[in-house]
Amino acid sequence: MASRLMWASRAASHLRISVFNRGFATVLKDLKYSDSHEWVKVEGNSGTVGITDHAQDHLGDVVYVELPEKGSTVTQGSSFGAVESVKATSDLISPVSGKVVGVNAELSNSPGLVNSSPFENGWIIEVELSDSGEVGKLMDSERYSKFCEEEDAAH
């Protein structure tokens, strides 16, 4: 068992992915994270937003994603939609402010992409950032990993 975990963490460091001590939640290094478990990948003046592997794991099987309208405005720290799972419905909280320029329509037919591919195919919205300085208020991968460990230990 220990050698398998060792291999997994070596493979993860090769892939630039952090692995929690428990070995199941993935945190990508080049993303920024909110304390409500959303991630944003910023490229230039736009950001792609989704929920984290940690969040989808706690939610369980996602059965519906309520998406905002393209062209609507999102505000850092405010709800822009919801994710419904077999366990609960959770608000989606935007990690950044700006205009919604893309919505992942695939999620209407395949909400489970949020579970199976939270960082790639399960992205939720693309935002044209109105204040790129907000990104500095978010956690990097190391801080987010510690945050999740502390949150789980408290429950």
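Just to confirm a number: summing +1 for Lys and Arg and -1 for Asp and Glu over residues other than THR48 whose beta-carbon lies under 9 angstrom from that of THR48, what do you get?
Charge balance in the 9 Å sphere: -1.
Close amide H partners of LEU92, meaning residues 5 or more places away or on another chain with modelled amide H under 5 Å apart, are PHE80, GLY81, ALA82, VAL83. Please report the net charge: other residues with Cβ closer than 12 Å to the Cβ of TRP123, K and R +1, D and E -1. Result for the local shell: -3. Each Lys or Arg adds one and each Asp or Glu takes one away; over the other residues whose Cβ falls under 11 Å from the Cβ of SER94, this sums to -3. Using only the Cα atoms of the range 24-155, build the gyration tensor, take square roots of its eigenvalues as a ≥ b ≥ c, and label the shape rounded, prolate or oblate: rounded if a/c is under 1.5, else prolate if a/b is larger than b/c, else oblate. It is oblate, given that a/c is not under 1.5 and a/b is not larger than b/c. Taking a spot 7 Å from the Cα of LYS99 along the direction of its beta carbon, which residues of the range 108-140 have an amide N less than 13 Å from it? Correct set: 127-131. A Förster radius of 22 Å, combined with the Cβ-Cβ distance separating SER36 from VAL135, puts the computed FRET efficiency at roughly 0.90.
Where a number appears in this text, it was derived from the coordinates with a stated rule and is not lab data. As the structure is a computational prediction, the values presented were derived from the model and not from experiment. No Cβ is skipped: glycine too gets one built from the backbone with ideal geometry, and neighbour counts run over all protein chains shown.
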